[in-house]
1. What do you get when you divide the Cα radius of gyration of the range A:94-393 by 2.2 N^0.38 Å, with N the number of residues?
2. Run the reach check for A:Lys400 against aspartates and glutamates, Cα to Cα strictly under 18 Å, same-chain hits fewer than 8 apart removed. What comes back?
3. Restricting to Cα pairs below 8 Å that are 6+ residues apart, what does the relative contact order work out to for the range A:391-448? Please round to a whole percent.
4. Straight-line reach from A:Lys163: which aspartates and glutamates have a Cα under 15 Å away, not including same-chain ones fewer than 8 places off?
5. Mind checking Rg over Rh on the protein assembly as shown, alpha carbons, Kirkwood formula for Rh?
6. Once both labels are modelled 7 Å past Cα along the beta-carbon direction, what's the A:Asp179-A:Glu282 spacing in nm?
7. Nearest 100 Å² is fine: what is the total accessible surface buried where chains A and B meet, probe 1.4 Å?
8. Can you tell me the relative contact order of chain B? Whole percent, Cα pairs under 8 Å, sequence separation 6 or more.
Amino acid sequence: MAQKQATKKNKKSQSLLPQALWQKIGANYLLTNDSGHYAWLKEKDFALVTAGKMAEKDPLFAELAAKGFIRNRLDFNDLAAKWKKKNAYLYYGPGLHILVMTLRCGNKCLYCQSAAAGLGAKHTDMPLAVARKSVDLAFNSPNPGITIEFQGGEPLLNWEVLKSTVVYARKKARISGKDLKLALVSNFSLMTAEKAEFLLKHEVSLCTSLDGPKALHDENRVSSAGSSYEDTVKWIKFFQARHDTQVPEYRVFKPSALLTVSRYSLSSHKEIIDEYVGMGLEDIFIRPLAPIGYARRLWGKIGYDAKDFSIFYLKSLDYILKLNQRGVVIREKMASMMLDKIVNFRDPGYLDARCPCGAAIGQLAYNYNGDIYTCDEGRMVGWEGNDLFRIGNVFTDSYKKVITSATTKVCVVSSNLEAQPVCARCAYKPYCGVCPVYNYETQGTLWGNMPANDRCGLFKGIFKALFTLLKNPEKAAILKKWVAK
Amino acid sequence: MNTNKVAKEIFLDAGIYSGEAVKLAAFVFSDRADIRIAPGKGVFTVSVSAEDAEHTVGEFLNEVLNQQCRIDLAKKNSKIAGIIVTKALLSAAGEK
């Protein structure tokens, strides 16, 4: 009798939907699972699947079974392999190491989150000893691939130290056998032919900020020397040309640019995208402004809510797809990174949308004075006078001490979506991530409160748009091409 | 002492909200309001004193709900959440 009851109970549980998440969008349901599979279902099919009553002869059955949505057809090896591939970062430790070479900068960008200091503040230049110690600590990460990103302020203001650090890091890489990528984030205002040659020769990839056409760029990125646009454009073109011609001795990477959307940008999506296309840039990273650091103080003037940004973002995405249909090569970077997870089950290295987030376990930020922070955003909070996200100093703390600090642990715990009430049941959970620094700055706790969280609203808007576009075969084909590599 | 502050009293059903959730929410609001919690029979009496008391009380109630949901979720998900956190931290520390 007991056996009969157990069999009956098993049969009942066999018929239910396995672990899955869903969201009703319009008339249809988006179904997802932790391995990263998704399916769009009509209401009647959704009812059949959730009740475990979908017949094997149903045309949808095979697809849903292959994706892990039919309980008694689960291929655990395949599902686990996809989960592992998508969450590969859980196995490596921090790969990104941000060195703040100086806080000085000649620009006074309206939204600057990097807490730039005036040109005279030489005491905020990173000394060589700090830079070397930072590199040493970075190479203690178990990650076989290390990216060292030189940031500021304007890092070119501390050129001699930057130069020596590049050489030192390359030497460390040769000795350790680690794969080293070097990157420079600069406004190019101090770039010279000599500096450019050095950076190219040492395979340093280059990234700058471009906020759109001259008037908009200069409005956002105020320069003490007049226009900041001219230098930016001049050097993007220079590095583009060098990339296009290449040389046998070293690889020349395509330069990239970052767009920060201020309130002034919201009415100019076409002009901004056209500027990128005209410049020969193939990626545009449409980043929302975050009310962190200096931008927080000016939020009333330059900020906006998630709804405004979502409208801007969706108009931009639509325009980019129209350009793609006409044969123009241009991709939106945030969408590309989300799509890489959705379509390829791959970790694109987007630290802001990981679970747990990249704070400390994916990246470390080294301030000019050797203080180590969970991330660059955490460093900005520190500059505002709150060192909650400081996890050590290169002179006094070992890598292990930094990575096992209480702050590291609490950032990992609080950004784990399985511990976030709304996220744990969200259909976008397999592809999303929360930011404890953002939560802390905007809502007063590391956990935040997602229903009232603008970042959450914004990510949801982007995911909804992407999944809706993926329903359209023509648009899906274009989007899949963005991440086909 | 800020004299512009207005106190509002609210009552929370102890069958729905735990003392832990109410205390955590009060802690989150400690820089925005003065909060006093008085546990009673089946109810928490909470006094919220703030400049914009009406608005603050609404936000405080949302935070109590948020904390309670987090505590409830932890009871169900703590095992998988713990595995993910442990794996992430051990890998970053170079431990297998």
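The values are calculated or read from the model by the stated rules, or taken from the named source; none is laboratory data. All values derive from a computational prediction rather than experimental measurement. Cβ atoms come from the backbone with ideal geometry, glycine included; neighbour counts cover every protein chain shown. Please note that ligands, DNA and RNA were not included when accessible areas were found on the heavy atoms of the full protein model with its side chains. Shrake-Rupley method; radii C 1.70, N 1.55, O 1.52, S 1.80 Å.
1. 0.97
2. Candidates past the 8-residue exclusion: A:Asp136, A:Asp371, B:Glu95.
3. Relative CO of the range A:391-448 lands at 25 percent.
4. A:Asp125, A:Glu149, A:Glu154, A:Glu194, A:Glu197, A:Glu203
5. We get a ratio of 0.98 for the protein assembly as shown.
6. If labels sit at A:Asp179 and A:Glu282, their model points lie 1.9 nm apart.
7. Chains A and B together bury roughly 2000 Å² of accessible area.
8. 32 percent
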